[in-house]
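*Asks:* What follows is a structure written as structure tokens; I'll ask about it next.
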Amino acid sequence: MGAPAGGVKRKPVRRRGGPGRVPCPRPAAMHPFPVPKRQRRGRPARRRLCCVLATLPGWRDWLFSVRSFAAAMLALWLALWLDLPRPYWAVGTVYIVIQPLSGALRAKGLARFLGTLAGGAFAVATVPNLVDTPSLLVAVLALWVAGCTMGSLYDPTPRSYAFRLAGFTAALIAFPSVDAPGAVFDTALARVEEIGLGIACATLADQVFPRPATPVLLARLETWIGGMARFGADALTGRMEESRFIADRRRVARDGAALDVLFEETRYEAAQHRAGLAWVRALRARARTVPAMISAVADRARALRQDAPAARAALAPLLQETAAWLTATADPDSRAAARAAAPALLARLRAAGREAAAAGGDWPGLLREGLLARLDELVETWSQALALEPGAGALAAAPREAAAPVTSGHTDPLLVGLTGLASVLAILACDLAWVATGWPEGGTATMMAAVSTAMFAQLDDPAPAIAKFLGWTSFAAVLAAAYLFAVLPAIDGFPLLAFALAVLYLPFGALHAQPARIGMALPVMVNTVALISLQEVYAAEFAAYVNGALALLAGFAAGLVSTRLVRAFGIEWRLRRLVAADRRDLARLTEGRQADLRRSVAAMLDRFEFLAGRIGSADAETLDVTELAELRAAVNVVRLREAAPRLPPRAREAVEAALAAVAARARDQAAPGAVLARLD
């Protein structure tokens with residue numbers, strides 16, 4: 001078959017997709033030969049249709065929805081049978097705690113129950129004793145909510161949810177009990193029972209359709225190991241442009257941070273699923289510094305290529321051999337052979353390093369020696385990390401690494417304080433409006449202000465999430481009114497009630513299974529049933545309903561306004577604060593005022609992984625961020641401090657002067673040129 005007119009060779013068009021998947025058409029600009037305009041008509045619509053179909057819930061999402069709805073209806077039926085005062089709390093709890101993975105469900109369920117228990121106990125202890133001094137009671141509750149919310153920001157594990165729950169649960173129980181303080185214990189007990197019932201039903205449904213998190217964790221760990229190894233191999237061979245190098249490094253960091261979250265959730269699974277997973281944390285702890293080592297090797301190789309191309313060419317065989325070794329570690333089938341080959345590779349690298357050290361010389365010689373030392377460190381660290389895998393012959397992980405604490409180095413004390421202040425302001429503002437107007441539903445608005453400021457406190461900028469939640473809660477209020485005044489009066493019996501609710505809850509439950517749609521689905525499912533206030537006997541009054549719905553929305557609106565007033569700094573401000581924290585840690589290490597290198601490195605890595613999920617190339621240039629530079633400098637500073645006592649007096653004085661210059665630069669008290677002159 002000959003070439004088409006114009007001399008352009010026709011190429012077969014490959015369609016990607018699988019059974020049940022509609023392939024997206026190629027844009028006209030991508031075709032190897034011109035396409036008549038008449039044929040292009042309708043293609044944007046087809047592409048939009050493809051995108052819509054790709055985002056529709058799949059069968060796993062619908063199965064999750066059916067499981068969630070069954071658990072919610074079981075909780076509702078049991079709550080009605082047990083004559084609990086607020087059955088809708090049990091239904092809402094099911095949708096709040098249920099998760100696609102068993103470990104995440106157990107973690108959230110346990111945290112919710114413990115937080116509810118603590119918040120209920122605090123309400124029972126404070127309301128009867130302070131009800132005669134309302135201002136003091138409101139102040140104590142506001143400080144309690146703020147304190148619990150602030151405490152949750154220092155714990156990056158699932159336990160943080162328990163802190164937030166303890167805070168706003170006290171508000172949910174205390175404010176409605178102000179007019180009847182003698183019933184506060186009954187209210188707290190009923191909430192604990194209803195929350196516990198919802199958690200039990202969600203857990204029971206998970207037992208029927210379990211999906212353990214351990215296999216997912218191991219699969220993602222394998223993906224992360226392969227991605228790290230291929231990233232290092234491509235960086236060493238020089239096949240990566242700088243933009244791709246930075247993007248891949250951030251991707252590896254983001255995936256590693258997601259592994260930490262999944263590992264914490266897996267710990268809550270049954271013993272037979274999570275047994276013997278300590279090596280996962282130990283491997284992550286050892287391998288976290290590998291991106292920094294790869295960056296150090298790549299920087300030295302780039303500098304050597306510019307200053308001494310011949311020296312770089314002489315090291316090319318060792319770089320290629322190391323890259324091939326890293327590539328072999330990416331494949332599980334060849335990883336055992338790669339581990340066995342690591343000692344021989346390390347011996348060759350160390351022999352080359354000794355030759356470079358003996359040769360000494362000028363700046364290119366120092367670059368060559370540093371490059372070989374970092375290669376040695378990279379191979380040793382990566383091989384030691386992989387040796388922790390089961391069956392690798394080194395199952396006994398070092399206790400310090402196996403029990404390594406989950407750090408929260410990106411937690412900013414100023415941001416924590418502002419978060420607490422936002423909670424206090426929102427609660428006090430609603431309380432003042434409650435007292436000034438005598439609004440019967442003022443307590444509802446006040447407690448929802450506490451909920452809104454605590455629920456999204458862990459986000460970088462909570463205001464957009466609160467606004468989205470407020471918008472979908474408004475939609476839920478309309479749906480609840482339709483149910484309450486148009487649907488429920490015609491229903492008699494639990495089966496019909498379940499069928500009526502299924503019309504709404506099954507499709508929204510399928511959306512709830514998609515992480516990108518949780519912010520839309522959750523407020524609708526939780527607040528619709530709460531606004532309906534399902535009871536065993538139907539009772540509804542339009543004025544009371546409107547009053548309660550407006551109070552709910554007013555509380556969230558107060559939380560939104562307070563958050564925007566206090567925390568309206570944006571992500572750029574947050575990133576600048578994290579960069580400044582790295583430089584402060586570097587300055588302390590350089591000045592010898594912070595001796596725990598392991599803790600400092602963990603905090604810096606935590607900040608880097610946090611930055612990697614939020615910063616783009618343009619942001620890095622705008623903020624003057626050189627990723628991992630402070631971490632690498634900190635490690636080198638500690639090495640210098642360890643070697644300084646063995647140096648002659650004059651050399652030791654020179655090292656101290658150089659370290660002082662680095663500390664001044666880290667504190668932005670010296671110009672880069674002056675620091676470089678001192679180092680030279």
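The values are calculated or read from the model by the stated rules, or taken from the named source; none is laboratory data. The model shown is predicted, which means the values in this text are computed figures rather than measured ones. Note: ideal-geometry Cβ built from the backbone for every residue, glycine included; neighbour counts use all protein chains shown.
*Asks:* Would you call residue 197 over 32 Å from the mean Cα position of the chain (by Cα), modelled with pLDDT of 90 or more and hydrophobic (A, V, I, L, M, F, W, C)?
*Replies:* For residue 197, the condition - over 32 Å from the mean Cα position of the chain (by Cα), modelled with pLDDT of 90 or more and hydrophobic (A, V, I, L, M, F, W, C) - is not met.
*Asks:* Among the numbered conditions (1) surrounded by fewer than 18 Cβ atoms within 10 Å (Cβ to Cβ); (2) hydrophobic (A, V, I, L, M, F, W, C); (3) at pLDDT below 85; (4) within 17 Å of residue 311 (Cα to Cα), tell me where residue 356 comes up short.
*Replies:* (1)
*Asks:* Filter region 60-109 down to residues that are part of a helix (DSSP H, G or I) and out of contact with any helix residue (DSSP H, G or I) (no Cβ under 8 Å at 6 or more places or on another chain) and give me whichever is surrounded by the fewest Cβ atoms within 10 Å (Cβ to Cβ).
*Replies:* 81
*Asks:* Same structure again: Do we have any residue at all in region 140-159 that's without any contact (Cβ under 8 Å) to a residue 12 or more places away in the chain and in a helix (DSSP H, G or I)?
*Replies:* So far as region 140-159 goes, no, none of its residues is without any contact (Cβ under 8 Å) to a residue 12 or more places away in the chain and in a helix (DSSP H, G or I).
*Asks:* Out of 575, 605, 586, 552, I need the residue that is touching a residue at least 12 places away in the same chain (Cβ under 8 Å), of a type outside the set (Gly, Ala, Ser), in contact with a Leu (Cβ under 9 Å, 6 or more places away or on another chain) and within 24 Å of residue 505 (Cβ to Cβ). Which one?
*Replies:* 552 is the lone residue from the list that is touching a residue at least 12 places away in the same chain (Cβ under 8 Å), of a type outside the set (Gly, Ala, Ser), in contact with a Leu (Cβ under 9 Å, 6 or more places away or on another chain) and within 24 Å of residue 505 (Cβ to Cβ).
*Asks:* Let me ask another. Scan region 436-460 and report the pairs whose first residue is more than 14 Å from residue 422 (Cβ to Cβ) and assigned by TED's automatic domain parsing to the domain that holds residue 531 and whose second residue is hydroxyl-bearing (Ser, Thr, Tyr) and buried (at least 19 other Cβ atoms within 10 Å of the Cβ), with Cβ atoms within less than 9 Å and a gap of 6+ or a chain change.
*Replies:* 443/177
*Asks:* State yes or no: is residue 563 closer than 26 Å to residue 613 by Cβ and part of a helix (DSSP H, G or I)?
*Replies:* yes
*Asks:* Something else about it: Looking at (1) surrounded by fewer than 21 Cβ atoms within 10 Å (Cβ to Cβ); (2) under 24 Å from residue 220 (Cα atoms), which one does residue 347 not meet, given that it meets all the others?
*Replies:* Looking at each condition in turn, residue 347 falls short on (2).
*Asks:* So, one more: Run residue 300 past the list (1) crowded, with 22+ Cβ neighbours inside 10 Å; (2) at pLDDT 90 or above and report the number of the one that doesn't hold.
*Replies:* Condition (2) is where residue 300 drops out.
*Asks:* Out of the residues in region 200-226 that are hydroxyl-bearing (Ser, Thr, Tyr) and farther than 24 Å from residue 289 by Cα, which is modelled with the lowest pLDDT?
*Replies:* Across region 200-226, the extreme among qualifying residues is 214.
*Asks:* Here's another thing I want to ask about it. For region 172-224, which positions are of a type in the set (Phe, Trp, Tyr) and under 30 Å from residue 121 (Cβ atoms)?
*Replies:* Residues satisfying the conditions are 175, 185.
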